[in-house]
1. Does Lys187 satisfy being of a type in the set (D, E, K, R) and touching a strand residue (DSSP E or B) at 6+ places or on another chain (Cβ under 9 Å)?
2. Condition first: surrounded by 18 or more Cβ atoms within 10 Å (Cβ to Cβ) and in contact with a helix residue (DSSP H, G or I) (Cβ under 6 Å, 6 or more places away or on another chain). Now tell me which residues in segment 329-352 satisfy that.
3. Somewhere in segment 295-305, is a residue surrounded by fewer than 18 Cβ atoms within 10 Å (Cβ to Cβ) and modelled with pLDDT under 95?
4. Please work out if Ala241 is of a type outside the set (Phe, Trp, Tyr) and crowded, with 19+ Cβ neighbours inside 10 Å.
5. For the condition under 14 Å from Ser310 (Cβ atoms), out of contact with any Cys (no Cβ under 9 Å at 6 or more places or on another chain) and surrounded by 15 or more Cβ atoms within 10 Å (Cβ to Cβ), what is the one hit in Arg33, Arg21?
6. Looking only at residues in segment 148-193 that are without any contact (Cβ under 8 Å) to a residue 24 or more places away in the chain and more than 16 Å from the ligand (Cβ to nearest atom), which one is surrounded by the fewest Cβ atoms within 10 Å (Cβ to Cβ)?
7. Given the conditions (1) polar (S, T, N, Q); (2) surrounded by fewer than 18 Cβ atoms within 10 Å (Cβ to Cβ); (3) in contact with an Asp or Glu (Cβ under 8 Å, 6 or more places away or on another chain), and given that Gln263 satisfies all but one, which numbered condition is not satisfied?
Amino acid sequence: MNTQLKVAIAGLGTVGAGTYRVLQEHGELLTERCGHSLVVSAVSARDRKRDRGINLQNVPWFDDPVQMAAEAEVDVVVELIGGADGVAKEICDTAIQHGRHVVTANKAMLAHHGIPLARMAEERGVVLAYEAAVAGGIPIIKALREGLAGNHLKRVYGILNGTSNFILTEMRRSGREFEAVLEEAQKLGYAEADPSFDVDGVDTAHKLAILAAVAFGCEIDFDGVYTEGIRHVSALDIGYAEELGYRIKLLGTVRPTEDGLEQRVHPCMVPLSAPIAYVEGVDNAIVADGDFVESAMFEGRGAGAGPTASAIVADLVDIARGTRLPTFSVPARHLARILSAPMDRHWGAYYLRLMLVDRPGVIADVAAILRDEKVSMESMLQRQRSPGSTVPVVITTHETSESAMRHALERIDRLDTVVESPRMIRIETLGGRT
Ligand code: HSE
């Protein structure tokens, strides 16, 4: 039997047009795979006249996407407008209330409203699908929710923002500073005109909060994600990282600890023995550490029309096939409410770069502070010699608490011989190649 799954698309930017193109170009293949033809039966976007390279002539057009979600004769509404609140949220609320499935790529909306939306969808017996919201073309939601369902996960971490990864990669390859490479990323169309969500870690935090719910069966707690971006990473630190056997990556990490669920986004020193150190350019990658699977890594394109459309169409195929799963691994009403672990309680090793006046006794002052705060030094590196003027000194520490490290840094910053605020980057312990 070949019935139709009727689809409405709200938002016809690059991803919306890409989704339309996949549905047209792979129509037969998709019908074969799910036993239903996937038919775009309504669309809505801001500008009706814009040439998107797709033929929308026979597709009913709605100027108002919320009206479309309420009135179009469709089974599924695909929301591709974006934004945590406003019209995107209204579209999803309206579609669900009218008994329609929702497919969305909107990580900001899910990070802020994912749980009430999931409850509402599950109560109404419709699907809220969001594979495209996390890591674009990588089927990480499917991997965590289905492929790794037999595991207790111990930790999930990943490179979840292609723009930041591109910037860090190019800084390393070219030796240029952050601002110059950001400008290049903007010219290439990777970074948004306002790049703060990408480079300040917010986009990664949205995605991490969603992954946390799927991986650990808990309610989303976006406010509980410690978030720090890559603006303060300098070419100097990237050079020292290589010398010490690390690569700097913006990672999102979530893991249960004795103090609650640790959710953190910040630049990390990733050992060169870890496969994720080699994920470069705009690629994303996620690693799931489980009790039986051990470690599984998923890598691919995290953004762009093709990869994102691929994820959206996969959700549509699932809906057409009749796959019905809890939105976030367990039914939304059973999701646990786990407290987020305060960042102060984080336990790990640290890289510090100090700009010091090069004169006898300076390191002794720094070492005394580290001793007082019970922070144990692992190594120290001074490459330049410049008596009386400023030189970079790099210290790596053994594992210690974030609060001890912060106290030490505040005190070091107050020393007369420290001429710039110290730079601190956390060193991540990751499973490596043997
Ligand atoms: N702006 C995101 C990135 C893509 O750079 O990865 C969409 O999530």
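The values are calculated or read from the model by the stated rules, or taken from the named source; none is laboratory data. These numbers come from a predicted model, not from an experiment. We place every Cβ from the backbone using ideal geometry, glycine too, and count neighbours over all the protein chains shown.
1. Numbers: of a type in the set (D, E, K, R): yes; touching a strand residue (DSSP E or B) at 6+ places or on another chain (Cβ under 9 Å): no.
Here the answer is no, as Lys187 does not meet what is asked.
2. Ser329, Ala332, Ser340, Met343, His346, Tyr350
3. For segment 295-305, residues surrounded by fewer than 18 Cβ atoms within 10 Å (Cβ to Cβ) and modelled with pLDDT under 95: present.
4. Values: of a type outside the set (Phe, Trp, Tyr): yes; crowded, with 19+ Cβ neighbours inside 10 Å: yes.
In short, yes.
5. Values: Arg33 fails: surrounded by 15 or more Cβ atoms within 10 Å (Cβ to Cβ).
Being under 14 Å from Ser310 (Cβ atoms), out of contact with any Cys (no Cβ under 9 Å at 6 or more places or on another chain) and surrounded by 15 or more Cβ atoms within 10 Å (Cβ to Cβ) holds for just one of Arg33, Arg21, which is Arg21.
6. Among them, the one singled out is Glu179.
7. The failed condition is (2).
So that you can scan it fast, the table gives a plain yes or no per residue for (1) without any contact (Cβ under 8 Å) to a residue 60 or more places away in the chain; (2) among the β-branched types (Val, Ile, Thr); (3) assigned to a helix (DSSP H, G or I):
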residue: Val375; (1), (2), (3): yes, yes, no
residue: Pro392; (1), (2), (3): no, no, no
residue: Thr396; (1), (2), (3): no, yes, no
residue: Arg411; (1), (2), (3): yes, no, yes
residue: Asp416; (1), (2), (3): yes, no, no
residue: Met424; (1), (2), (3): no, no, no
